Amino acid sequence: MHFVPPPKPPSGPKPGELSYRLYFLDGVGRRIVSSHEFFAANDEDALKIAESWREGRKVELWERGRIVKIWG
């Protein structure tokens, strides 16, 4: 599997955007192996972005202290 890193996030959100973090997990103990922070207007947009970066891996999408979705 070839991993293409996501583009660098902007230095700050546009007005009204929320901060999200996508955590990439190992397959054993669900430990975080890397993460990407990005901004999106809402959960729906954030889910689309996260899905494009996921590439079938186990990940968790968070918006601050709230879990948005867990894959795998």
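Every number in this text was worked out from the coordinates using simple rules, so none of it is lab data. Note that the coordinates shown come from a computational prediction; the quantities given were computed from them, not determined experimentally. Heads up, the Cβs are rebuilt from the backbone with ideal geometry, glycines too, and the neighbour counts pull from every protein chain shown.
Numerical summary
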item: Kirkwood Rh, angstrom, the stretch 18-71 [1 / mean 1/r, Cα pairs]; result: 11.0
item: Paramagnetic reach from LYS69 (point 7 Å along Cα→Cβ, amide N under 15 Å) across the stretch 17-45; result: 20-24, 40-45
item: Estimated distance in nm for a label pair at SER19 and GLU51, the labels positioned 7 Å out from Cα along Cα-to-Cβ; result: 2.6
